[in-house]
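Notes follow once the structure below has been shown.
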Amino acid sequence: MKRFYLYIAIIPLFFLAGCESDDDDEGKIPDEVELDEEYYAGGKMGTVFVSSSKAYKQAMPAIDRDAQLFKQFMRGERLADRSFVTNEGMGYSGLGPVYIRKSCIACHPSYGGRGQRVEKFDTNDSKNSYLLMIYDPSNPALPLASKYFTGMTQTRAIAPFKAPIDESGVKLTWRQYTDEYGNKYEDGTPYSAGTSYEGTLIYPVVEVAQEAILFKDFDMSKHAASIEATIGIYGTGLLDAISDEDLRAQYAEEQARGYCAGKIGADIDETEQNPYPGPHPGRFTYLCTRATLDNGPGANALWNITNVTRPDRTSNYMTEEYAKVMSEDTEVQTALGQTAEQIFNDLWSKSLKPEMTQEDYDAFMVWHRGLAVPAARNLDDETVQRGRTLFYETGCTACHRPSWTTRADYKPLPAISGQKIYPYTDLLRHDLDMKEPGRTKLGCRTTPLWGRGLMKVVSGHSDMLHDLRARNYEEAILWHGGEAKPAKDTFRKMTKEDRTALIRFLESI
Amino acid sequence: MKKYLLKCMFTLAVILMVVNFTSCSDDDDDDPVVENRDEMYGNILKSYVNTTVIPTYKALADAALEMRATNQALKENVTDANMESAAAAWLKARIQWELSEAFLFGPVSEDYLNIDAHIDSWPLELEEIKKEIGLTEGQLTGERAWKELEDEVIGFHVTEYLLYREGKSRPVAELTEGELNYLTAATDALVWDCVLAYVAWAGEENVSAAIKEVYRQNADIVNFLENENASIKNFGSKLSSADSYSSWESAVEEIIDGAIDIADEVGATKIADPYSNGRVEDVESWYSWHSLEDYTNNIYSIRNAYMGGEGVTGSPASVSLSTFVKEYDAALDTEIKEKIDNCITKIQAIGDNGSLSFYKVVEAKSKGDVSREALVNAAVDACLAVGVSFEKIKELLK
């Protein structure tokens, strides 16, 4: 703590001296010079030295130094903060007709704080940041139950329209799980010792009642449901700035090494949506289904969570089946005083009037891209250093790749080009063989670990993993099976001091 | 916020290089000077909590209860005088809320009790409000408003919508029975949220019997704090002891970042954004036309967070972030105080010190009248300058 600022103080000198090595980090324990660099988790232009509850809400230095970008950032922040409404003339209009949440902040508290593990699926609960997924269990990768439901299932609608799923019919249950070691470490200590949930692990089971489904010919018994919590937004601009070539090289290297061979996201051609022509491998979302930030989860969510249209999204986010069922609903026809054909044509129109201006959307993207990563903390602490050594020795870095260097010419925000960043992810999917994994049975993208240590301060909890089943860092590690089982087993065999040290390191980055 | 941080770091690099090479031991945990610093940070945090945050929330809870009382009087006797009293009570509570905006973290934030969104959401979902008002059966109660209604149909701006039009108390003849009921219910929900914020910061054992009674009136409120958000109970004492923070400095940073956050928001978001785009719908307090006072009170909130004390005319505390800064960099302390005073003056100047509402200023701008642009720009710059000066305090937290 006290030496923290001293270390910050000397970091710029190393940068000035041009110390920018970018070697493969896996398995190698970086020397002292690199340790100093690691405080700048998001690179010089993407890191802020804020460790209070506002840590995930800050603009990058790359934004702060430019008056126009700062103005757009603040406007974009407001768009993320506000609820959209249905009535016109109040600003922020255009919600619905069918939707998932009213605002970004509803699922992204403090923009990176994440929601909490909840007992009930209630989208009016500010702590609930889950998205409900309905999918074909034999092929979870496919656009879900695409004839009926949108990729992210909608549970809300503006009357007279009806939600595809009635939330009251969604049952969320947390079940107990005992691993092959009886939920104990090798030294006999129960997992999460000293907590009210000592010696336990839990996982979610989601059931959706047939009666809760709008579509009469949809058979829920042949489908599955799961929940996925939102991911932090900060630092996504920097992940976007990693070149495709570097990502493909990481993939190739993992295929060649004979263990923990990650899966790369499928190529997506986004030529019209970003400055780089050609196909790009998916790197965003748990299943790596989005390739670039300009057609990424946030750019899409602004539209498909709220159904607020804009110049490049002039249709409703809904299935044709939904439009058909609603148009044929006599209650809807009566309430609107329209024929089935009129209603269908309105709902399914591809040329709706934009409800958000291009200027506002651009500002939103500046905010999205420009959210800074909080600096690492306490890296000079002896225990943290020990934890760092263990992190490398245990093999965590096989997937949680410590550093990358962003491309030399990141056109959407040139100031964050060429930054050495420490996200601790390989941006590839791995099989963790979890109990009831939901769609992530196909492999879940390695979660970036940067900034996560501040969750306790920002959000007051440390619920983690894709469905927030892990209630602390210990549990997050202990749910690592499959490809990561050797690392978990090594952690299980560590002494209490070493386990603590490893977690202290994670809390510091 | 963040501006000039890197520059500060470089400056700090030069200054601290010497310290680093000459006196940095392997472990300075036992350094008595450092220990004193931690104690000092603890004292600053205690004073911040006890002289500014908790008294502000107490005043907010008291003011919300006055709203409840004036509503009751209005219900019993529907007169213009009682309507004006109810509108005046709304304004009094509104002032207290704005005076709390330099500490929009902890219990009130979206990560915890979500009180900020619950009572200060804008825009409103007017159609939903009108639909609820029109119900002839199962009319809204305070309990249902708090528990079931969504953020966009409750809170300060809904009660403002029912009490005010164009900057004035509405003629009581306009107020329907359904509206009066909605006003009463929404106010009850507001009261519980304000009391909840106060109890969460102060601890139930530290509030008066009267406040405790209101808190205990609604079992949902008690359950929400006691069972669903137990970790946030007595947040004031948690912050004072830097509980769950990575360092004492991080806890003190809450004061600084809270101030910077609202200074930037007032300048860039509340003033510059609606003005530059001519968006009247982005002007806060749309019905009471109280926006410039809201913004000024936000800056008073920053002053109180920095100097201790509460209210618009409160006295500074004997221990505060200001006294710390003064000890280590007297010029910076003077600079910050001057920036705060200047900011208040500049915001007030936008509306000729109360004679013109910001709504009217923005409306005029949307019609091409830019006569106030220089005043607006000066206020925006003054707000952002407050943030830049506060950022410098972090250099002293070493």
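Every read-out reported here was derived from the displayed coordinates using simple, explicitly stated rules and does not represent laboratory data. Worth saying up front: this structure is predicted, and the values here are computed from it rather than measured. Neighbour counts are summed over all protein chains in view; Cβ atoms, including those assigned to glycine, are modelled from backbone coordinates with ideal geometry.
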Cut-off 10 angstrom, C-alpha nodes, Gaussian network model of chain B. Which of B:Ile232, B:Ile154, B:Ile302 fluctuates the most?
B:Ile232
So for the pair A:Glu180, A:Thr357, with labels modelled 7 Å out along Cα→Cβ, what separation do we get in nm?
6.1 nm
Mean Cβ count within 10 Å, highest first, over the residues of peptides B:110-122, B:70-82
B:110-122, B:70-82
Would you kindly give the portion of the calculated P(r) for the protein assembly as shown that falls above 52 Å, as a percent of all Cα pairs?
13 percent
With no solvent and one equal point scatterer placed on each C-alpha of the range A:92-225, evaluate the Debye formula and give log10 I(q)/I(0) for q = 0.11, 0.22, 0.23 Å⁻¹, two decimals.
-0.52, -1.34, -1.39
Show me the helices of chain B, taken as full DSSP H stretches, that run 20 Å or more along their long axis by Cα and average -1.0 or above in Kyte-Doolittle hydropathy.
B:5-23, B:32-47, B:54-76, B:80-98, B:177-202, B:248-264, B:291-307, B:330-350, B:373-396
Over all directions, how big on average is the projection of the convex hull of the alpha-carbon atoms in the range A:432-495, in square nanometres?
4.8 nm²
Kirkwood Rh in Å, taken over chain B so that all alpha-carbon pairs contribute:
22.3 Å
Extent along principal axes [Cα atoms of the range B:264-349; Å; largest to smallest]
44, 22, 18
Net lengthening on full extension, B:Glu205/B:Asn353 (0.36 nm per residue, minus Cα-Cα):
49.1 nm
Per-residue Cβ counts within 10 Å, from other chains only, averaged over B:145-152: what number is that?
3
Mean separation of Cα contacts under 8 Å (at least 6 apart) over the residue count of the range A:187-266, i.e. the relative contact order in percent, is 14 percent
From fewest to most C-beta neighbours within 10 Å, the residues B:Ser240, A:Ser110 line up as B:Ser240, A:Ser110
Whole-angstrom Cα spans of the range A:343-447 along principal axes, big to small
64, 41, 24
What's the magnitude of the charge dipole for chain A around its Cα centre, counting Lys and Arg as +1 and Asp and Glu as -1 at the beta-carbon? Answer in Debye, nearest 20.
1060 debye
A:Glu245 label point, 7 Å along Cα→Cβ, cut-off 14 Å on backbone N: hits in the range A:374-410?
A:405-410
Dimensions in Å of chain A - Rg and Dmax from alpha carbons
23.1, 73
Can you pull the one-decimal nm distance between simple spin-label points at B:Lys367 and B:Val78, each 7 Å off the Cα toward Cβ?
3.5 nm
At q = 0.09, 0.14, 0.15 Å⁻¹, work out log10 I(q)/I(0) for the range B:54-232 with the Debye formula, treating every Cα as an identical point scatterer and leaving solvent out; two decimals please.
-0.29, -0.70, -0.81
Measuring from label point to label point, each 7 Å out along Cα→Cβ, what is the A:Asp187 to B:Lys212 span in nm?
4.4 nm
Report the dimensions of the range B:185-304 along its three principal axes from the alpha-carbon atoms, largest first, rounded to Å.
47, 43, 23
Within 10 Å of each Cβ of B:244-256, how many other protein chain Cβ atoms are there on average?
5
FRET efficiency, B:Thr313 to A:Glu497 (Cβ-Cβ, R0 51 Å, nearest 0.05):
0.40
Over the range A:400-467, the quotient of the Cα radius of gyration and 2.2 N^0.38 Å is 1.39
Cut-off is 10 Å between beta-carbons; in what order do B:Cys383, A:Cys104 appear when sorted fewest neighbours first?
A:Cys104, B:Cys383
Give the average, rounded to an integer, of partner chain Cβ atoms located within 10 angstrom of each Cβ in A:70-83.
4
Relative contact order (percent, whole number), the range B:54-232, Cα cutoff 8 Å, 6+ residue spacing:
28 percent
Specify which residue in the list B:Ala186, B:Leu91, B:Ala73 is farthest towards the positive end of the charge dipole of the range B:54-232, using unit charges on the beta carbon of Lys, Arg (+1) and Asp, Glu (-1), about the Cα centre.
B:Ala73
Take the Cβ-Cβ distance between B:Lys130 and A:Asn139 as r, set R0 to 41 Å, and report the resulting FRET efficiency rounded to the nearest 0.05.
0.30
